[in-house]
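J.: Structure incoming, see below.
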Amino acid sequence: MNKLAGKYEHSIDAKGRIIVPSKFREELGDSFIVTLGLDGCLYIFSDDGWDKFTEQLEKLPGTKDHRRTKRYFMANAANCDIDKQGRVLVPASLREQAGIEKDVVLVGMIDKIELWSKERFDGLDSFESVDDIVESLTDFGISF
């Protein structure tokens, strides 16, 4: 699987369907898994990406916090199919929890896609604050 990257803006149609950009459809195939993400978005995983993610969850110990983390992602996971027009119906309960009503932003995040309400995405921290974060990455052996 290639690395997912890019930002795309779309609107939801009257039936609650979202167009998945063709570049992302190439990576996802005809179906994918969507679940609650962090920071108020939804995560979209290819089948392979979901398998890798759940393998990581399986490695977590059985503590209360880890059980809660597993439950957060697993209880909210749904299989979604992409139709011939490249649209997908994300379950209403997930759209509601992510505040998705009309305009959306899809962001490739290497191994998954984040699906945001445009309003929430636009309210995120600006990229100006990234300089400080990037500086801290040198602790992990990453330099730019």
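J.: Thr69 versus Asp103, label points 7 Å from Cα toward the beta carbon: distance in nm?
T.: Distance between label points: 3.5 nm.
J.: Bin width 10 Å, origin at 0, all Cα-Cα pairs of region 1-66: what percent of pairs per bin?
T.: 16, 44, 27, 12, 1
J.: Taking 25 Å as the cut-off for C-alpha to C-alpha distance, list the pairs among Lys3/Lys64; Lys84/Lys112; Lys23/Lys52; Lys15/Lys70; Lys3/Lys102 that go past it. It would help to have the intermediate numbers written out before the result.
T.: Numbers: Lys3/Lys64 33 Å; Lys84/Lys112 22 Å; Lys23/Lys52 21 Å; Lys15/Lys70 31 Å; Lys3/Lys102 27 Å.
Among Lys3/Lys64; Lys84/Lys112; Lys23/Lys52; Lys15/Lys70; Lys3/Lys102, the Cα-Cα distance tops 25 Å for Lys3/Lys64; Lys15/Lys70; Lys3/Lys102.
J.: Considering every pair of different Cα atoms, what Kirkwood radius, in Å, is found for the chain? Walk me through the numbers on the way to the answer.
T.: On the way: mean 1/r = 0.0613 Å⁻¹.
After inverting the pairwise mean of 1/r, the radius is 16.3 Å.
J.: A follow-up question, please. Which FRET efficiency value, to the nearest 0.05, do you get for Asp39 and Gln85 by plugging their Cβ-Cβ distance into 1/(1 + (r/R0)^6) with R0 = 30 Å? Spell out each step's value before the answer.
T.: On the way: r = 30 Å, r/R0 = 0.99.
Plugging the Cβ-Cβ distance into 1/(1 + (r/R0)^6) gives 0.50.
J.: Take Asp111 and Leu124, extend 7 Å from each Cα along the Cα→Cβ direction, and tell me the distance between the two endpoints in nm.
T.: So the label points at Asp111 and Leu124 sit 1.8 nm apart.
J.: How far apart, in nanometres, would the label points at Ser93 and Ala78 be if each is projected 7 angstrom from Cα along the Cα-to-Cβ direction?
T.: 0.8
J.: So what J values fall out for region 134-144 if you push phi through Karplus, 6.51 cos²θ - 1.76 cosθ + 1.60 with θ = phi - 60°, rounded to Hz, Gly and Pro as x?
T.: Listing the rounded values in order: 4, 4, 6, 5, 4, 5, 9, x, 10, 9, 10 Hz.
J.: Something else now. Per-residue ellipticity at 222 nm for the chain, helices alone: DSSP H runs ≥ 4 residues times -39500 (n - 2.57), over residue total, nearest 500 deg cm²/dmol?
T.: Values: 6 runs with 49 residues, N = 144.
That calculation yields -9000 deg cm²/dmol at 222 nm.
J.: Next question, about the same structure. Counting other Cβ atoms within 10 Å, keep those with at most 13, restrict to DSSP loop, and tell me which trypsin sites (Lys or Arg not before Pro) in region 42-144 are left.
T.: Values: sites: Lys52, Lys59, Lys64, Arg67, Arg68, Lys70, Arg71, Lys84, Arg87, Arg95, Lys102, Lys112, Lys118, Arg120; in loops: Lys59, Lys84, Lys102, Lys112.
Qualifying residues, ordered by number: Lys59, Lys84, Lys102.
J.: Can you pull a Stokes-Einstein diffusion coefficient for region 30-72 at 25 °C (0.890 mPa s), Rh from Kirkwood over Cα pairs, as a whole number of µm²/s? The partial results should precede the final answer.
T.: Details: Rh = 11.3 Å.
So the translational diffusion coefficient is about 218 µm²/s.
J.: Taking Lys59 as the anchor, which aspartates and glutamates have their alpha carbon closer than 16 Å to its alpha carbon, excluding any fewer than eight residues away along the same chain?
T.: List returned: Asp51.
J.: For the chain, what is the charge dipole size about the Cα centre, in debye to the nearest 20, if Lys and Arg each add +1 at the Cβ and Asp and Glu each add -1 at the Cβ?
T.: Numbers: 20 positive and 27 negative charges, 139 e Å.
So the magnitude is around 660 debye.
J.: Now, a different point. Over region 85-144, what per residue volume does the convex hull of the Cα atoms give, in whole Å³?
T.: Numbers: hull volume 8.2 nm³, N = 60.
Hull volume over Cα atoms, normalised by residue count, gives 137 Å³.
J.: A further question follows. Show the residues, 5+ positions off or on another chain, whose built amide H is closer than 5 Å to the amide H of Gly37.
T.: It is Leu42, Tyr43, by chain and number.
Since every read-out is calculated from the coordinates, none of them should be taken as a lab result. Model, not experiment: these values are computed from the prediction. Methodologically, a virtual Cβ is constructed for each residue, glycine included, from the backbone with ideal geometry; neighbour enumeration extends over all protein chains shown.
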